[in-house]
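A.B. asks: Sharing a structure here in structure tokens format.
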Amino acid sequence: MAFRRALGTFDATMLVVGGIIGAGIFVNPYLVAQRLPSAGPILWVWIAGGAIALAGALAFAELASIYPKAGGEYAYLREAYHPLVAFLFGWASFLMIQGGGIAAVSIAFAEHTLRFAGSPRANPTPLAIAAILAMALVNVLGVKPGSRVLNGLVVIKILSLAALILGGLWLAPRLPPLPPIANAERPPATILAFGAALVPILFSYGGWQNANTVAEEMRSPEKALPRALTAGTLLVIVIYVAVNVVYLMTLGRDGVAATVTPAASTVRRLFGPGADGWITAAIAISTLGFIDMSFLGPTRISYAMARDGVFFRSLGQLHPRFGTPHRAILLQAFWCIVLVLTGTYGGLIDSVVFADWIFFGLTVVAVIPLRRRLPPEERGPGTFLTPAAPWLPILFAGAAAFAVVGAARSNPLRSAIGVAMLLGGVPAYYAWRGAAARRAA
């Protein structure tokens, strides 16, 4: 049974935007502000993070144009290097990257929903689990239902951020200056501080690659994906930088660093004490959209692994009615619930960035060996090519290594656990491969 090609360019663009904009832009700016001394470096590091994301998206656009396969990044790593490298990515994706990302964002969704409902001190865990189960079920029912829910949620989050940006740019210059915060800590603007600030920023920018995972469910993916990756990533960069300008104009560097809810604090100061309810609702909607996207796209990685015989065989089956990898979706949901019960938002972010950017770097650099294997002149007309290759992919790989080191420095224990989990994937790969060989014999 084959996937149904039900998605177009607009759906792919919404996947890119929805994959990037989750809880990060509403929450993570306070982490960035705590790690840098003033507004100038803060804005520059957000711009740098956006440039890094765009470089990665352009490389993924080329890879998608020549290998429009389910699983996206997994397929590219398998073609460029060795099946073990691809498996370790899929292993890390299931256990840490997507598992940790969904768990972290579901916690943020629950916290903001409870705050909007007037119960900020309630336990967010049951609601986080309910959100995971609801979005998993929507995506079991078909790629189009999942995409339609995502498209609506993405449009709402873009409109909410646009209202914040326009209102902030108009009102912030008219506000009286805030009194200085006593004993506010301002770390020096060092390379290490810059790297530490990049960790939550790269988490906020991550997600463009999720559109590639549903390539086999798109109409003309070799054309739709490059357009969606470029347009979607550029749109998010503009939004993120503009939002941070508004945060800093309204609260100042010290004010942003002092609040764990910079978006709500900004809206409260701009529009009055009763206005932060709408941004809280917008954050809840945004995070729910991210959860939906994470089940819509990345679960295809587990499906592709199972289809290659290096994961649970049952995950390689599509639902006979809905045409979705329903078992892969449900297993991912179960693991996310386990992480919700055992992790915290900040710790989960560090785990995600540490694992994700190892494979981001490897995947973007894969453009180089794949160009030797399949030279551009031998590809079909109109095939997308990464500009400034190989230098742009090499620079991206350097930035990815910088992010991994920053994540390890920020949370050594989580990073050590991540290394142990990755190494645990090596015997798992050979065990599954051996079982597949015995079945084929």
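The values are calculated or read from the model by the stated rules, or taken from the named source; none is laboratory data. Keep in mind that this is a model prediction, so the values were computed, not measured. Cβ sites come from the backbone with ideal geometry, for glycine too, and all protein chains shown count toward neighbours.
A.B. asks: For Arg78, work out the one condition from (1) farther than 20 Å from Ile301 by Cα; (2) in contact (Cβ under 8 Å) with a residue 40 or more places away in the chain; (3) charged (D, E, K, R) it doesn't fulfil.
C.D. replies: It is condition (1) that Arg78 fails.
A.B. asks: Continuing with this model, one more query. Condition (residue is under 15 Å from Ala23 (Cα atoms) and either in a helix (DSSP H, G or I) or of a type in the set (Lys, Arg) (or both)) applied to segment 117-130: is it met by at least one residue?
C.D. replies: The answer is yes; a qualifying residue exists.
Condition check ((1) more than 13 Å from the chain's Cα centre (by Cα); (2) more than 22 Å from Ala263 (Cα to Cα)) across all residues:
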| residue | (1), (2) |
| --- | --- |
| Ala12 | yes, yes |
| Phe26 | yes, no |
| Tyr30 | yes, no |
| Gln34 | yes, no |
| Pro41 | yes, no |
| Trp46 | yes, no |
| Ala53 | no, yes |
| Glu62 | yes, yes |
| Tyr67 | yes, yes |
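A.B. asks: Collect the residues in segment 322-342 that are surrounded by 15 or more Cβ atoms within 10 Å (Cβ to Cβ), hydrophobic (A, V, I, L, M, F, W, C) and part of a helix (DSSP H, G or I), keeping them in residue-number order. Walk me through it before giving the result.
C.D. replies: Step one: list which residues in segment 322-342 are surrounded by 15 or more Cβ atoms within 10 Å (Cβ to Cβ), which gives 322-333, 335-337, 339-340.
Subsequent filtering for residues that are hydrophobic (A, V, I, L, M, F, W, C) retains 322, 328-331, 333, 335-337, 339-340.
Across segment 322-342, the qualifying residues are Ala328, Ile329, Leu330, Leu331, Ala333, Trp335, Cys336, Ile337, Leu339, Val340.
A.B. asks: If we scan segment 159-180, do we find a residue that is exposed (fewer than 14 other Cβ atoms within 10 Å of the Cβ), of a type in the set (D, E, K, R), in a helix (DSSP H, G or I) and without any contact (Cβ under 8 Å) to a residue 24 or more places away in the chain?
C.D. replies: Yes, because at least one residue in segment 159-180 is exposed (fewer than 14 other Cβ atoms within 10 Å of the Cβ), of a type in the set (D, E, K, R), in a helix (DSSP H, G or I) and without any contact (Cβ under 8 Å) to a residue 24 or more places away in the chain.
A.B. asks: I'm checking my understanding of the structure. Among residues of segment 380-417 that are hydroxyl-bearing (Ser, Thr, Tyr) and at pLDDT below 80, which one is farthest from Leu370 (Cα to Cα)? Outline the logic, then answer.
C.D. replies: Going through segment 380-417, the residues hydroxyl-bearing (Ser, Thr, Tyr) turn out to be 383, 386, 410, 415.
Then drop every residue that is not at pLDDT below 80, which leaves 410, 415.
Working: Ser410: 34, Ser415: 30 Å.
Here the answer is Ser410.
A.B. asks: Can you find, within segment 310-321, the residue that is farthest from Val140 (Cα to Cα) among those that are touching a residue at least 40 places away in the same chain (Cβ under 8 Å) and surrounded by 17 or more Cβ atoms within 10 Å (Cβ to Cβ)?
C.D. replies: Residue satisfying both the conditions and the ranking: Val310.
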